[in-house]
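Student: Dumping the structure here so I can ask a few things about it.
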Amino acid sequence: GECNIQYALDPCSETYYIIEVNARLSRSSALASKATGYPLAYVAAKLALGTPLTEIRNSVTKTTMACFEPSLDYVVVKIPRWDLQKFAMVGKVLGSSMKSIGEVMSIGRTFPEAMQKAIRMATPGVDGFESNPSVKSYDDDELETHLSEASDERVYVVAEAFDRNWDIQRVHELTRINHWFLLKLQAITHLRRTLQNFSLAQLPLLTLQYAKQNGFSDCQIAKAIGSTEDEVRKLRIRHQIVPVVKQVDTLAAEFPAMTNYLYITYNGTENDVEFNERGIMVLGCGAYRIGSSVEFDWCAVGCVRTLRKLGHHSIMVNYNPETV
C-alpha cells in the first residue's frame, strides 16, 4: 500500500531530515492525487496486489498506463487552515508539529492567481495577499521578529513588509523564503498600487484583465480603485472579461483527459468542457474547522448521489482536498 514520508530540507546545504512516516494514506496524499489527477491510493493498492506499473491503466486519461509521469500545465497551492486563536495557551510559532486543523487547495494557471485564491479560501473575510490591522500595528523591530519566526500570521507579515517597501533580499534573509516566491508576491503588491492610481471610469481594460489573471477578486479591485464589487463585476462582464473552465490534466494536454476535476482561471481563452445541459450545483463545506468535519462533506456526497439517481446532472464546488 501507500506510505507517506515528510521531510525537512535545508535549502542551503541540502541536508534533510525525516520528520514523520505514515504507513497509510495521508491528507497530503489525497491532495497530491487531486492536484495531479494521478490516483495514488488506487495505484498503490494495485501494486500491493502484484500488478506491474506498466499494466495499471491511468484512470484519468483512460488510454495511458500509470507509468507515465504526471506533467502539469497549471499551478496548485495548498494553504493550511489555522484556528490557534481558539486556544489560550497554544504557541503560535510553527515548527514540525501539526497545528493546522485542515487545508485548502487552489488551482490556477499562474502562481499569483492560485496563491490569492488559496488565501481567500483559507480565511473568509481576507481578500487576498495583503496585510491586516493587527500586523499593521507592529513597529519595524516587531515585524522583523514575526518574519524570522514563522507563525499563523506569516502571509500577512510578508505582505506588510512589501507595503513598507522592504526589498526582497531583506525579507529573504529574515524568512528564508525562496526569492522566486517573494518576487511573485511582491508583484501582487505592485499591481495593487497600480490599481490605486485609477478610478472605475479610468481603469484600463488590460489592467483589469491582468489583475484578474493575477488572482485579484472583484472586491479587491473595488477597494483599490474606490468603487464597489458590483460595479467592478458589471464592468468586467460588459467587456467579456470572464473566466474559463479547465480540467485537471495529468499529461498537460499531450493526451485527452477524462477527469471530472475542474477549476476556473482567467488565464485561458476557451472552456475544456461544454455546458449544454442544465444541472444542480452542490456546495461543499470547504476547509475543516473545529466543530465541523467530514460529516458535512459526506452530506454533499450523499446529495450528489441522490441527484444522480433522480437523473439530474450535478457539480460539487469544494476547495477541501481531503474529501471525496
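Student: How large is the charge dipole for segment 104-234, taken about the Cα centre, if only the Cβ atoms of Lys, Arg (+1) and Asp, Glu (-1) carry charge, to the nearest 20 debye?
Tutor: The calculation lands at about 740 debye.
Student: Could you order the peptides 224-234, 132-142 from most to least packed, using the average number of other C-beta atoms within 10 Å per residue?
Tutor: 224-234, 132-142
Student: Size of the dipole of the chain about the Cα centre, Lys and Arg at +1 and Asp and Glu at -1 on the beta carbon, nothing else charged, in debye to 20?
Tutor: The dipole magnitude comes to about 1040 debye.
Student: For Ala41 and Trp298 in one chain, what is 0.36 nm times their gap in residues minus the Cα-Cα distance, to one decimal in nm?
Tutor: Full-extension gain reported as 90.6 nm.
Student: So how do Ile168, Ile56 rank on accessible area, 1.4 Å probe, biggest first, that is with the largest at the start?
Tutor: Ile168, Ile56
Student: Additional query: With 34 Å as the cut-off, how large is the P(r) tail for the chain, expressed as percent of Cα-Cα pairs?
Tutor: Summing the P(r) tail past 34 Å for the chain gives 31 percent.
Student: In the chain, carbon and sulfur make up what percent of the accessible area (probe 1.4 Å)?
Tutor: 55
Student: 7 Å from Cα along Cα→Cβ at both Glu149 and Ala8: what's the point-to-point distance in nm?
Tutor: 1.7
Student: Separate question: If packing is taken as the average number of other Cβ atoms within 10 Å across a peptide's residues, how do 70-77, 194-201 rank, most packed first?
Tutor: 70-77, 194-201
Student: Could you sort the peptides 108-117, 172-181 by per-residue average Cβ neighbour count (10 Å cutoff), highest mean leading?
Tutor: Per-residue Cβ counts within 10 Å, averaged per peptide and sorted highest first, yield 108-117, 172-181.
Student: Still on this model: Please go through the residue pairs Lys117/Lys246; Lys34/Lys92; Lys136/Lys234; Lys92/Lys136; Lys34/Lys62; Lys92/Lys117 and name each one whose alpha carbons sit more than 21 Å apart in this structure.
Tutor: From the list (Lys117/Lys246; Lys34/Lys92; Lys136/Lys234; Lys92/Lys136; Lys34/Lys62; Lys92/Lys117), the Cα-Cα distance tops 21 Å for Lys34/Lys92; Lys136/Lys234; Lys92/Lys117.
Student: For the charge dipole of the chain, defined by +1 on Lys and Arg C-beta atoms and -1 on Asp and Glu C-beta atoms about the Cα centroid, which residue among Ile101, Ala48, Thr306 has the Cα displaced farthest towards the positive pole?
Tutor: Ranked along the dipole, the leading option is Thr306.
Student: Could I ask something else about it? Any idea of the accessible area per residue across the chain, 1.4 Å probe, to the nearest Å²?
Tutor: Here the residues of the chain average 56 Å² of exposed surface.
Student: While we're looking at this one, here's another question. For Ile19 and Val273, FRET efficiency with R0 = 51 Å and r from the beta-carbon atoms, rounded to 0.05?
Tutor: In this case the efficiency is close to 0.80.
Student: What's the magnitude of the charge dipole for segment 22-113 around its Cα centre, counting Lys and Arg as +1 and Asp and Glu as -1 at the beta-carbon? Answer in Debye, nearest 20.
Tutor: Using Cβ point charges on Lys, Arg, Asp and Glu, segment 22-113 gives about 320 debye.
Student: Mean residue ellipticity at 222 nm from the helices of the chain, using -39,500 (n - 2.57) per DSSP H segment of n ≥ 4 over the full residue count, to the nearest 500 deg cm²/dmol?
Tutor: Helices in the chain give a 222 nm mean residue ellipticity of -11000 deg cm²/dmol.
Student: Hey, if you put +1 on the Cβ of every Lys and Arg and -1 on every Asp and Glu Cβ in the chain, which of Ser59, Ser13, Ile221 ends up farthest toward the positive end of that dipole?
Tutor: Towards the positive end, the residue furthest out is Ser59.
Student: Distance in nm between label sites at Thr228 and Ala187, each 7 Å beyond Cα in the beta-carbon direction?
Tutor: Distance between the two pseudo-spin positions: 3.4 nm.
The values are calculated or read from the model by the stated rules, or taken from the named source; none is laboratory data. As the structure is a prediction and not an experimental result, all values here were calculated from the model. Heads up, the Cβs are rebuilt from the backbone with ideal geometry, glycines too, and the neighbour counts pull from every protein chain shown. Heads up: the accessible areas ignore ligands, DNA and RNA and are worked out on the full protein's heavy atoms, side chains in. Shrake-Rupley method; radii C 1.70, N 1.55, O 1.52, S 1.80 Å.
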